[in-house]
Amino acid sequence: MPQYYIWTIGCQMNKAESERLGSYLEQLGYQATVTAEEADLIVLNSCVVRQSAENRVINKLNALKPVKRSRPGITLAVTGCLVNSHADQLKQRFPQVDYFLKPGDYPHWLEKQDKPSVLPRHPSPSTFVTIIQGCNNFCSYCIVPYRRGRERSRPITEIADEVKELVHRGVKEVTLLGQNVDSYGHDLSDHPSLADLLYELNTIDGLARLRFLTNHPKDMSPKLIEAVAELDKVCEQISLPVQSGSNDILRAMRRGYTVEDYRQLVTEIRSKIPEVALSTDVIVGFPSETEQQSQQTVNLLSELRFDTIHIAVYSPRPGTIAARKLEDNVPPAEKKERLIKIEQLQERIATEINAQLLGRTVEVLIEGRNKGKWQGRTRTGKLVFFSDNGDYLGQLVKIRIEKTSPWSLQGKVKDYNND
Ligand code: SF4
């Protein structure tokens, strides 16, 4: 039986794609192996969002050279964001690679027969579905539009059929993915929106929850906020990357909104969806960011009080506008200090927000076991652990929260819905 090995780094879109490819290979008679050395087919699913990620891919490719040399009959394929439209240049640089495949493409010898066949056979109760690839925004620091190309949406019917099939295979929660899900549909002939897609998916029997990632503050519509507020399956959780609390920095980042626009959007979301959990992304140490501008970010974060923040330290990404035109002039020690300041602030805020859940009963979708405990998430995306001898995988369980921390919650089973 031929063996396959898939190595994946990067975002949830890559992970979802690798899961599907693995499942498809198994249907073709391949068996998964844990080391590349034993495999007949090796696939690297790459990420180049940060230079460090691209370096890891290149290191991995170099490490595979002797494997390919000693067993020339094996197949080595690379997919993901490393693969741009210059496959010939990549082939020259990495002659050990047999196939360079754009994200989502399959090699001719593994041509997709039909859509359901590439879905995971035993998906996790909570799984991911890509609805739009690429990005048209060109934020000055980001390489994604150059590597993933322009936005391409999948038709509503195709996504709905896929979600129905996933539900048939045991999925309870689907997270819709895209670099900018708010752009969904504008490139399709009938111009559906993400809200339209949510209304359609909300009707699917057996599906319990829907989420979507990632939003762009300049593109998020009132109709989408209404849909989240109104639809019972759409979870009260929104990711809304702000990136900076300084209008000058936002302009240099080419984000297309001001701090005032952002604040108004958050107010609108919170007034329509009262229990919503908001997360955001921040970049510290962007070129020319002064201490005062960094403080403006800290002030905004402490005013808006997010449930979670993903903080990135700026590093120039070759090929982007910022790397070409702006000097990376914030000293590394200063960047680190700004990072720590925001981390400490967020730890305090998340401690207070999560403490409000103490004694409350929340609905948790159980995704698996970790270190002897069941693990799942609330509708607002909070991680919950509990100990119990029952079998809860894929079930919606009511948990009474008995302990909270900034990162997770712990509790006991209160009620168990086995439908
Ligand atoms: S919205 Fe900006 S940061 Fe996000 S993928 Fe597009 S260009 Fe990159």
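Under a point-charge model restricted to the Cβ atoms of Lys and Arg (+1) and Asp and Glu (-1), what is the dipole moment magnitude of the chain relative to its Cα centre, in debye to the nearest 20?
Once rounded to the nearest 20, the dipole reads 1080 debye.
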What does the accessible area per residue of the stretch 245-284 come to in Å², with a 1.4 Å probe and no ligands, DNA or RNA counted? 44
Which order do the peptides 10-22, 69-81 come out in when sorted by mean C-beta neighbours inside 10 angstrom, highest first? 10-22, 69-81
If packing is taken as the average count of other Cβ atoms within 10 Å, what order do 32-41, 231-240, 163-172 fall into, highest mean first? 231-240, 163-172, 32-41
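Does the stretch 49-104 come out rounded, prolate or oblate, given a ≥ b ≥ c as the square roots of the eigenvalues of its C-alpha gyration tensor, rounded meaning a/c under 1.5 and, failing that, prolate meaning a/b above b/c?
On the way: a/c = 1.97, a/b = 1.35, b/c = 1.46.
Oblate is the answer for the stretch 49-104, as a/c is 1.5 or above yet b/c matches or exceeds a/b.
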So, with points 7 Å from each Cα along the Cβ direction, the residue 69-residue 15 label distance in nm works out to 3.5
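If each residue of separation counts as 0.36 nm, what is the full-extension length gain between residue 352 and residue 412 once their alpha-carbon separation is subtracted?
Value of the extension gain: 19.5 nm.
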Considering only the chain, what is the antiparallel percent among its DSSP beta bridges, to the nearest 5? 40
Here the stretch 261-270 yields Karplus 3J(HN,Hα) values (6.51, -1.76, 1.60; θ = phi - 60°; whole Hz; Gly and Pro given as x) of 4, 5, 4, 5, 5, 5, 4, 4, 4, 5
For residue 164, which aspartates and glutamates qualify as cross-link partners when the Cα separation must be under 14 Å and same-chain residues fewer than eight apart are set aside? 173, 200, 205
Suppose only helical runs count, i.e. DSSP H with n ≥ 4. What mean residue ellipticity at 222 nm does that imply for the chain under -39500 (n - 2.57) per run, divided by all residues and rounded to the nearest 500 deg cm²/dmol? -10000 deg cm²/dmol
Using a 1.4 Å probe over the heavy atoms of the protein chains, calculate the carbon and sulfur portion of the accessible area of the chain as a whole percent. 49
State the extension gain, in nm to one decimal, for the chain segment bounded by residue 150 and residue 344, taking 0.36 nm per residue of separation less the distance between their alpha-carbons. 66.1 nm
What shape does the stretch 1-56 take by its C-alpha gyration tensor, where a ≥ b ≥ c are the square roots of the eigenvalues and a/c under 1.5 counts as rounded, a/b above b/c as prolate, and the rest as oblate? oblate
What are the ³J(HN,Hα) values, in whole Hz, obtained from phi via the Karplus relation 6.51 cos²θ - 1.76 cosθ + 1.60 with θ = phi - 60°, for each residue of the stretch 126-131 in sequence order, with x given for Gly and Pro? 10, 10, 10, 9, 6, 10
Label model pair residue 271, residue 324: point-to-point distance (7 angstrom along the Cα→beta-carbon line) in nm is 4.2
If you count only protein heavy atoms with a 1.4 Å probe, what accessible area per residue comes out for the stretch 340-392, rounded to a whole Å²? 52
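I want the local charge near residue 180. Using Cβ-Cβ distances under 14 Å, sum +1 for each Lys or Arg and -1 for each Asp or Glu among the other residues.
Numbers: positive: 148, 150, 152, 218, 254, 255; negative: 151, 182, 187, 219, 281.
Cβ neighbours under 14 Å give a net charge of +1.
How would the stretch 212-284 be classified by its alpha-carbon gyration tensor: rounded, prolate or oblate, with rounded meaning a/c under 1.5 and the a/b versus b/c comparison settling the rest? Don't skip to the end; give the middle numbers.
Details: a/c = 2.31, a/b = 2.06, b/c = 1.12.
Cα axes put the stretch 212-284 in the prolate bin.
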Between residue 234 and residues 5 or more places away or on another chain, the pairs with built amide H atoms under 5 Å apart involve 210
Between residue 263 and residue 28, what length comes free when the chain is fully extended (0.36 nm per residue of separation minus the Cα-Cα distance, one decimal in nm)? 79.5 nm
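The values are calculated or read from the model by the stated rules, or taken from the named source; none is laboratory data. All values reported here derive from a predicted model rather than from experimental measurement. Positions of Cβ are generated from backbone atoms using ideal geometry, with glycine treated the same way; all protein chains shown enter the neighbour counts. The accessibility values were calculated without ligands, DNA or RNA, using every heavy atom of the protein model including side chains. Shrake-Rupley method; radii C 1.70, N 1.55, O 1.52, S 1.80 Å.
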